[in-house]
Amino acid sequence: MLITGLAACSDAEGAHTSQRPAQGPVQAPTTKSAAASPACTATSRLIPSCGAWWGLAPEVFTGAPVEQALHGAESRMGAAADVLHVYHRGSELFPTDAEVRLARDPARPRLLMINWKPSFDHTWSEIAEGALDGRIDRLAAYLRRTFPERFFLTLHHEPENDVDSSSDSGMRAIDYAAMFRHVVLRLRAGGVKNAVVVMTYMGAPNWAAKSWFEDLYPGDDVVDWVAMDPYADDRVHDFDGLVNKTRKEYPEWPGFYRWMQARFPGKPVMVAEWGVFERPRDGAFKRKFFESVLAQIKRYPQIKALIYFDSPQAPRGDTSFDSDPGADKAFTELARDPYFRSTPVPRP
């Protein structure tokens, strides 16, 4: 589910979420530029040569304007974000003026991760057959005029729970792959050469077990990064468990990171949304979880971007990173760790 201009997140079993009012835009410390090594660079596909990008979908489901939300979240976090994750739908043109300003901030440039659902009124097969070509072409022209910088683009993220395997639904997994290919190739034909394309899965064993799961993939020629959107529910205890969720009901499933290593050995992995829910019986859970990320992230060298979903009122709970002092301190230490501070964000 998606709210216009905001975000949508899903955990393994399909809990969907999208901006908590900040206390006004506050300048965050420019820790990234101070710690980045000049020897570390980003490729044309925005792959950092050292460590991983650190990103946020800030203060989601609050209605806060994106600049206020990001400045507020960065101030609360005590560090700058490399990547700003934003959400668009339908005929909206992107990036917006505010998003462009954040990307081009001279003191602290940021990469944009733009999440676009092209339509809620057309099936995937209709889009693949050209039903939205005018919309795609209009967006391509806008991007050419407005934003020549490289940015991440994902299309209809987390498609698994929208699949309808009926032969006439237009929403089969193969229809998703065809839609994805058509949109990317149409944008490229329209002159959009700066979009680094991301295929975003839910990251859930129950969907990966479906017979059609492999049919979702649109093809290496139109996908630059692969991503997952896992959330720490009551089955998950640490970062290892988050990125490699397994379920006893699906004994053959190895976990998403392991699957991505085997299926996409040459592609960078993005954790495009991740969040930690409150546990009423364990008030220290968020703190301990954030500490586990710091301890375990280097076990996953193919993960090249980690983007937190910060929301006080996501449908399944509060994923705010500073909901208690212990969590806040641990998250700040994580955000400031040299592993996420080693590659400078490319300047416009």
Within the stretch 321-340, take every residue that is out of contact with any Lys or Arg (no Cβ under 6 Å at 6 or more places or on another chain) and among the charged types (D, E, K, R) and give me the one that is farthest from Ala305 (Cα to Cα). Asp324
Within the stretch 206-239, count every residue that is of a type in the set (Asp, Glu), out of contact with any Ser or Thr (no Cβ under 7 Å at 6 or more places or on another chain) and at pLDDT 95 or above. 5
So how many residues does the stretch 89-114 have that are in a strand (DSSP E or B) and closer than 22 Å to Val271 by Cβ? 4
Residue check for Pro109: of a type outside the set (Asp, Glu), over 16 Å from the mean Cα position of the chain (by Cα), closer than 30 Å to Pro301 by Cβ and surrounded by fewer than 22 Cβ atoms within 10 Å (Cβ to Cβ): yes
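Quick check on my filter: what residues within the stretch 141-185 are assigned to a helix (DSSP H, G or I) and more than 20 Å from Pro218 (Cα to Cα)?
Passing the criteria: Ala141, Tyr142, Leu143, Arg144, Arg145, Thr146.
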Is one or more of the residues making up the stretch 201-218 under 20 Å from the mean Cα position of the chain (by Cα), crowded, with 18+ Cβ neighbours inside 10 Å and part of a strand (DSSP E or B)? yes
Does the stretch 97-129 hold any residues that are in contact with a strand residue (DSSP E or B) (Cβ under 7 Å, 6 or more places away or on another chain) and among the small types (Gly, Ala, Ser), and which are they? Ala103
Just one of the numbered conditions (1) surrounded by 19 or more Cβ atoms within 10 Å (Cβ to Cβ); (2) over 20 Å from Val271 (Cβ atoms); (3) out of contact with any strand residue (DSSP E or B) (no Cβ under 6 Å at 6 or more places or on another chain) is not true of Phe239; which one? (2)
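When only residues in the stretch 56-88 that are in contact with a Phe, Trp or Tyr (Cβ under 7 Å, 6 or more places away or on another chain) and not in a helix (DSSP H, G or I) count, which is surrounded by the most Cβ atoms within 10 Å (Cβ to Cβ)? Before the answer, list the steps.
As a first pass, look at the stretch 56-88 and keep what is in contact with a Phe, Trp or Tyr (Cβ under 7 Å, 6 or more places away or on another chain): 56-57, 60, 77, 81-83, 88.
Imposing the further condition that a residue be not in a helix (DSSP H, G or I) reduces the set to 56-57, 60, 81-83, 88.
Values: Leu56: 27, Ala57: 34, Val60: 31, Ala81: 27, Asp82: 29, Val83: 22, His88: 21.
Filtering the stretch 56-88 for residues that are in contact with a Phe, Trp or Tyr (Cβ under 7 Å, 6 or more places away or on another chain) and not in a helix (DSSP H, G or I), the one surrounded by the most Cβ atoms within 10 Å (Cβ to Cβ) comes out as Ala57.
If a residue must be over 21 Å from the mean Cα position of the chain (by Cα) and under 24 Å from Ala227 (Cβ atoms), how many such residues does the stretch 112-121 contain? Full working, then the answer.
Keep residues of the stretch 112-121 that are over 21 Å from the mean Cα position of the chain (by Cα), which gives 121.
Next cut, under 24 Å from Ala227 (Cβ atoms) only: none.
Counting residues in the stretch 112-121 that are over 21 Å from the mean Cα position of the chain (by Cα) and under 24 Å from Ala227 (Cβ atoms) gives 0.
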Being acidic (Asp, Glu) and under 13 Å from Asn206 (Cβ atoms) is the filter here, so list the residues in the stretch 236-251 that pass it. Glu249
Tell me, yes or no, whether the stretch 196-205 has at least one residue that is at pLDDT 95 or above, of a type in the set (A, V, I, L, M) and over 30 Å from Ser166 (Cα atoms). yes
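Within the stretch 143-189, track down each residue that is of a type in the set (Val, Ile, Thr) and surrounded by fewer than 20 Cβ atoms within 10 Å (Cβ to Cβ).
First, pick out the residues of the stretch 143-189 that are of a type in the set (Val, Ile, Thr): 146, 154, 163, 174, 183-184.
Thr146, Ile174 - these are the residues of the stretch 143-189 that are of a type in the set (Val, Ile, Thr) and surrounded by fewer than 20 Cβ atoms within 10 Å (Cβ to Cβ).
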Has the stretch 22-39 got any residue that is more than 15 Å from the chain's Cα centre (by Cα), under 30 Å from Val236 (Cβ atoms), in a loop (DSSP other than H, G, I, E, B) and at pLDDT below 95? yes
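The values are calculated or read from the model by the stated rules, or taken from the named source; none is laboratory data. What you see is a predicted model, and the numbers here were worked out from it, not measured in a lab. Positions of Cβ are backbone-derived with ideal geometry, glycine not excepted, and every protein chain shown enters the neighbour counts.
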